[in-house]
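Notes follow the structure.
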Amino acid sequence: MYERPEFWKTRLDEVKTVMDTVRKGTVKVAAKSAGGRDVYLVEYGEKQNFGGTANYSSAMGAGSIKYYADKKGKKPVIYIIGAEHGDELEGTVAILNMIRMIETGKDFKGETIPYLRDCIENCRLLLIPIANPDGRARMEIDTLNRVPYEVFRHYAQGRWKDRSLCSWPMCKQVHPIKDHVSFLGAYFNDDGVNIVHDNFFGKMASETQAIFDIAIDEAPDFTLHLHGASCKNEIDCADYSPRVVKEIVQQLKHNVTAEADKHGLPTLLNKFREDDSNPPRTFNIMSALHHACGTVSMLYECNQGVLKPEGEEELEEWEAMLTCDEILWQLYILFEQTIRYAHELRDKGVM
């Protein structure tokens, strides 16, 4: 129905095919989803022993992260998570293309970025192509690029019992949502759980638990949560994180923007929150993950190229509707700049 280019791999069977090609790294099934589907983890680079003697909270209570993970002289660990919402597939495309590039020298377009191709020589790379395979299985289309706004909302958040669109953010007013809808959107796993807003202090969904288990075990320097946002690009840090983490993310925003500018690509930056006196709006998976392992946990809202809804001409973010090729390149820039900055911070002794 909606055409996609050949390199735009998002289907679950395509993910499995790419997993079967991995030779330079290791593929694991990190979890079984609520619907019994595989959540894959691809590991590149040797796992490092950080010599921890305490969990992150206790280590920080003792005054230093080194009691949890002493990273001096170690390679950066980069953790990239795609499709926590099963309709937000742009990150999946970029992860699968980067795996292809690492394994064969070229991505599915036949192109290469030497720094990304060779990055596993100087970092530990952890990749989850699709964290919510249940949601992806519910999608009947393979891309949201140039898809009408109502179709985008239908597949993303689903429809209430009266068949009206659940939309955003009202889809979060009940959780789990499964028993309240006539069509369960791809935001949710088969139990109706939104992984981004799971119960982090209680029993979590298996997909969410796996994301945390990996992070706690690996102590990543950066964790990228790859999402999609109709037709805008945003980079943001976890709301409930220390000022130093917010400053790191702010600098990375500028690094990504500077590189994107060279290629004529937009990155819309959020304003740095100078006033920390008022509590942020939400405590979600980004904040929770930082407090589990100290990672710089950040959100990337990727431009999906969704068609502008009628009557919303004033929405400026639709002025920069990217193509599939541009979306992939934007994500490559994000990956490269994150790894480069992680090395810079490690060299300065910040991480």
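The values are calculated or read from the model by the stated rules, or taken from the named source; none is laboratory data. The model shown is predicted, which means the values in this text are computed figures rather than measured ones. Please note: Cβ atoms are built from the backbone with ideal geometry, for glycine as well, and neighbour counts cover all protein chains shown. Surface areas here come from the heavy atoms of the whole protein model, side chains and all, with no ligands, DNA or RNA. Shrake-Rupley method; radii C 1.70, N 1.55, O 1.52, S 1.80 Å.
Numbers below:
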{"read-out": "The lone exception for E247 - which of (1) of a type outside the set (A, V, I, L, M); (2) assigned to a helix (DSSP H, G or I); (3) open to solvent by less than 50 Å² (accessible area, probe 1.4 Å) it fails", "value": "(3)"}
{"read-out": "Every residue from segment 10-44 that is open to solvent by less than 30 Å² (accessible area, probe 1.4 Å), assigned to a loop (DSSP other than H, G, I, E, B) and under 24 Å from C123 (Cβ atoms)", "value": "V22, G25"}
{"read-out": "Which numbered condition V147 misses (of (1) part of a loop (DSSP other than H, G, I, E, B); (2) open to solvent by 60 Å² or more (accessible area, probe 1.4 Å); (3) touching a residue at least 60 places away in the same chain (Cβ under 8 Å))", "value": "(2)"}
{"read-out": "Boolean, F201 is over 27 Å from H343 (Cβ atoms) and modelled with pLDDT under 95", "value": "yes"}
{"read-out": "Residues of segment 51-105 classified as surrounded by 24 or more Cβ atoms within 10 Å (Cβ to Cβ) and of a type in the set (K, R), total", "value": "0"}
{"read-out": "Residue pairs meeting the criteria (Cβ under 7 Å; at least 6 apart or on separate chains; first under 22 Å from R124 (Cα atoms), in segment 50-65; second basic (K, R) and open to solvent by 60 Å² or more (accessible area, probe 1.4 Å))", "value": "F50/K74"}
{"read-out": "Some residue of segment 183-193 being more than 30 Å from V77 (Cβ to Cβ), in a helix (DSSP H, G or I), open to solvent by less than 50 Å² (accessible area, probe 1.4 Å) and not aromatic (F, W, Y)", "value": "no"}
{"read-out": "Only listed residue being aliphatic (A, V, I, L, M) and surrounded by fewer than 16 Cβ atoms within 10 Å (Cβ to Cβ), chosen from M170, M204, M139", "value": "M170"}
